[in-house]
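Only one structure is covered here, and it is reproduced in the block below.
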Amino acid sequence: MTPKELTLDAGYQPQVRAKRGTREIMLDVIIALLPAVAVGVWQFGFAALLPVATSIAACVFFEWLYRRLLHKPSSIGDLSAVVTGLLLSLTLPAGCPWWLPVIGALFAIVIVKQLYGGIGKNFLNPALAGRAFLFASYATAMTMFTVPNSMKGVVDGVTMATPLSAMKAGTAMPEYYSFVDMFLGKMPGSFGEISALALLIGGVYLLCRKVITWQIPVSFICTVALVSLIFGGGENYTRVDWMLYNLLSGGLMLGAIFMATDYSTSPVSLKGRVFYGIGCGLLTVIIRRFGGYPEGVSFAILIMNCCAWFIDQLTQPIRFGVSREDIKKQKAAAKAAKKEAKEAAANG
């Protein structure tokens, strides 16, 4: 029997030896997001699926079109564009106009993902970058949150402010926001971020399937809890209430479980993942508490995306029998050899 040949494409990072390929991993992520989608439909109705379908279709189309125009092999079969579209739609208000996810998909797929070489080569999370672009360009449309079905009759109007907005304004939290209801998803917000329970169920599934590890989500969420407890409170909130509101509202669970754990934009080393999660949590609370926006998860993760390579350098594990001085000498020698190669090429 002829041994099976294995082909390694070193252009895609990081390299992880596993029995499953990209398509299987992306399929697991889609399955893990289904509980959040189900809660979104429960609270906002089936009409809220239109932006979801539009976002997914736009991401797949733009990835297909880009690679077709540049005569590159098609990559839509790996389902990464589907996951990007789904994640992007979950960060948008349920009643957003149809063109909003299309513009976000264009930015996420073409600018953030494909221009840097495609899956595994982007240094920012495409879905979060698309959301940040939409928030900077269409702030009004991005902050018009639909009243969920469970709160119709309790409040007047078709849109309402989120719990984070009340906290940012320093006003007392309305009585109809209970911690249990917020945990289940009975509150306004983006389509896929309202239910901490649904997102935690998806996170447990990903952990069981070994798609993600615990270091980033746990360190992220625990840091938000601890720092919120330290800097929270005030005239209308106890420190514990402030902490719980920060944990259960906004995009914390969605970001910590599904966004911050993106392979290509997060550290590889175990220590690096912990430091990365702590950084995400710290920045989230700083932006929420002292910044100009009520929400800070997206910006915190994007900032830490830019630091992932540096964190990996600082936390790179040392092989047995090799000292840090040896590593420095190897890097210096490689740098000198690269310089000599450039000079030789320049001199003909």
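GNM remark for the chain: springs join alpha carbons under 10 Å apart, and the peak mean-square fluctuation among LYS186, LYS271, LYS72 falls on LYS72. In plain terms, the bigger the Kirkwood radius, the slower the diffusion; for the stretch 48-141, with that radius from Cα pairs, at 25 °C and 0.890 mPa s, Stokes-Einstein puts D at 191 µm²/s. Here is the P(r) of the stretch 168-222: all C-alpha pair distances, binned every 10 Å from 0, give 20, 40, 31, 9, 1 in whole percents.
Using a 1.4 Å probe over the heavy atoms of the protein chains, calculate the carbon and sulfur portion of the accessible area of the stretch 111-195 as a whole percent. Taking all protein chains in place, the stretch 111-195 shows 61 percent carbon and sulfur surface. In this structure the amide hydrogen of THR159, modeled in the peptide plane, comes within under 5 Å of the amide hydrogens of VAL147, none closer than 5 places in sequence on its chain. Geometric descriptor of the chain, per residue, is 191 Å³ (volume of the convex hull of the Cα atoms). At the listed q of 0.19, 0.23 Å⁻¹, the Debye profile of the stretch 156-200, built from one uniform point per Cα, gives log10 I(q)/I(0) equal to -0.62, -0.87. Across the stretch 92-108, coupling constants 3J(HN,Hα) worked out from phi with the 6.51/-1.76/1.60 Karplus curve, θ = phi - 60°, read 9, x, 4, x, 5, x, 4, 6, 5, x, 5, 5, x, 5, 4, 5, 5 Hz, and Gly and Pro carry x. Roughly how tilted is helix 239-248, in degrees to the nearest 10 and between 0 and 90, from the longest Cα axis of the chain? Roughly 70 degrees between the two axes. State the Kirkwood hydrodynamic radius of the stretch 275-316 in Å, one decimal place, computed from all pairs of distinct Cα atoms. Its Kirkwood hydrodynamic radius stands at 10.5 Å. Can you tell me the orientation of helix 49-69 relative to the chain, as the angle in degrees between its alpha-carbon axis and the longest Cα principal axis, to the nearest 10? Computed tilt is about 20 degrees.
Using a probe of 1.4 angstrom and keeping all protein chains present, the accessible surface of the chain works out to 52 square angstrom per residue.
For the stretch 225-344, the calculated P(r) over all alpha carbon pairs, in 10 Å bins from 0 to the bin holding the longest distance, is 12, 32, 25, 15, 11, 4, 1 percent.
The values are calculated or read from the model by the stated rules, or taken from the named source; none is laboratory data. Only a predicted model underlies this, so the values are computations on that prediction, with no experimental measurement involved. Just the protein is used for accessible areas: all its heavy atoms, side chains included, with ligands, DNA and RNA removed. Shrake-Rupley method; radii C 1.70, N 1.55, O 1.52, S 1.80 Å.
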